[in-house]
1. How many of the residues making up segment 388-407 are crowded, with 18+ Cβ neighbours inside 10 Å and either closer than 16 Å to ASP326 by Cβ or not assigned by TED's automatic domain parsing to the domain that holds ASN313 (or both)?
2. Which one is farthest from SER331 (Cα to Cα), of the residues in segment 413-424 that are in a loop (DSSP other than H, G, I, E, B) and of a type in the set (Gly, Ala, Ser)?
3. Taking segment 111-130 only, how many residues are surrounded by 14 or more Cβ atoms within 10 Å (Cβ to Cβ), modelled with pLDDT of 90 or more and not in a helix (DSSP H, G or I)?
4. State the number of residues belonging to segment 383-412 that are part of a strand (DSSP E or B), touching a residue at least 40 places away in the same chain (Cβ under 8 Å) and under 30 Å from LEU258 (Cβ atoms).
5. So, GLU427, is that one closer than 21 Å to ASP311 by Cα and assigned to a loop (DSSP other than H, G, I, E, B) or not?
6. Can you name the residue in segment 233-263 that is among the basic types (Lys, Arg) and either touching an Asp or Glu at 6+ places or on another chain (Cβ under 8 Å) or at positive phi (or both) and is also surrounded by the most Cβ atoms within 10 Å (Cβ to Cβ) among such residues?
7. I'd like the residue in segment 29-49 that is in contact with an Asp or Glu (Cβ under 8 Å, 6 or more places away or on another chain) and over 16 Å from SER234 (Cα atoms) and, out of all such residues, is modelled with the lowest pLDDT.
8. Among the residues of segment 297-311, which ones are out of contact with any Phe, Trp or Tyr (no Cβ under 8 Å at 6 or more places or on another chain) and either outside any helix (DSSP H, G or I) or among the acidic types (Asp, Glu) (or both)?
Amino acid sequence: MDRRVVVTGMEMITPLGIGMDTTWEGLKAGKSGVGRITSFDCASFHTQIAGEIKNFDFDELWHDKNHEFRYLGKHSQFALVTAKMALENAGIDLESINRRRMGVYLGSGEGEFDFDGFVRDIMESWDGDRVDINKFLQVGMNVLNPIREFEHDSNRPSVHISNSFGVYGPNSNCLTACAASSQAIGEAWWTIKRGNADIMVTGGSHSMIHPLGVVGFNLLTALSTQNDIPQQASKPFDIKRDGFVLGEGAGILILEDLEHALKRGAKILGEIIGYGTSADAYRITDAHPDGRGAIAAMNMAIETAGIAVEDINYINAHGTSTNVNDTVETSAIKQVFGDYAYKVPVSSIKSMLGHLIAAAGAVELITCMLAMRDSIIPPTINYQDPDPQCDLDYVPNTSRNQKVDIALSNSFGFGGQNVALIVRKYENGN
């Protein structure tokens, strides 16, 4: 069975706003959502900036006073609210469809770590020069909240969506680092194509803006330390880039079998036609210098889409603002696209949102869909000093009016996991 899979709903929550429309307006305007970290005291950290979500009130947006929801991590809160909005955007009446033929496949990251609780546990169980394990257990039983600890698991958002909306079909979550939500979308696409579901709720959610997340990436020297002007710190493909900026958020898409969507009179927003996934099989934190994993993923996506590289009108780059990624991604695009690489627009919205880690790919694919809808390509902001090794058309600083019929979105994760997705405009029944 090889069914066509379309997008009938989509929504996102990002550092630029609550909801797709607010975020899209900010992206088109070249606005940055990056600022100084406010969720914890970061004065002693090398990196003191991030793309935090502002004015997010879960109780106000969700309207459910379930006792256990008080302990939800940000990843679950973001996912539930975004899924609710995406289902509304898709016009799905849950009472009138077969929910056993509806599933969830997310690429969400881990939940919030109870940093304060564990610090207290360690301090109260410290015995001279070591932690007394017996005391640690006793204190932990009193200090740590079991539901909150359970919420640390990355599968919780997919479970909460299934439980909250009564979705009984396939349910999975993958955590392939920065490629996670793109991989989830690709696997949800395959789930429908092979006939295991008619509708899939897919995408991802994540937040690593907490002490352990920031210090961990600082140890890897992966984060920008340009703290003085936060809005200018994320500068993909610019020679003065010094690392990525953490962001947080969620992107959720509703994928649907084309015939099922047409039968219920759904508005079709676009069609996913290509999916490629690969492994570098190289290093945990570095891409292979030849870009072999990225090349394989893009080639696979183009092959499954059955198109030529010249059919692609826009590439949404992974574009992290790290020295290695931007150089290797540029090289990989050149090797896949040949001379056409210099003609196709390439941009990175991480310059405005920061890096949403597991949620990044879903938000970026939604951006591709909006670019097709409005014939507007969002810019790569903060691009001032070109890098000779990064010499493509990165749509610098200002959005561009240009027709987009087919777009490719790249996502490359730590560990060498690579995903490329291709979406096509759907119009006039074609």
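1. Counting residues in segment 388-407 that are crowded, with 18+ Cβ neighbours inside 10 Å and either closer than 16 Å to ASP326 by Cβ or not assigned by TED's automatic domain parsing to the domain that holds ASN313 (or both) gives 5.
2. GLY415
3. 1
4. The total comes to 7.
5. Answer is yes for this residue.
6. Of everything passing the filter in segment 233-263, ARG241 is surrounded by the most Cβ atoms within 10 Å (Cβ to Cβ).
7. Residue satisfying both the conditions and the ranking: SER39.
8. GLU303, GLY306, ILE307, ALA308, ASP311
The values are calculated or read from the model by the stated rules, or taken from the named source; none is laboratory data. Everything numeric here is computed off the predicted structure, so don't read it as measured data. Here Cβ is always computed from backbone atoms with ideal geometry, including for glycine, and neighbour counts include all displayed protein chains.
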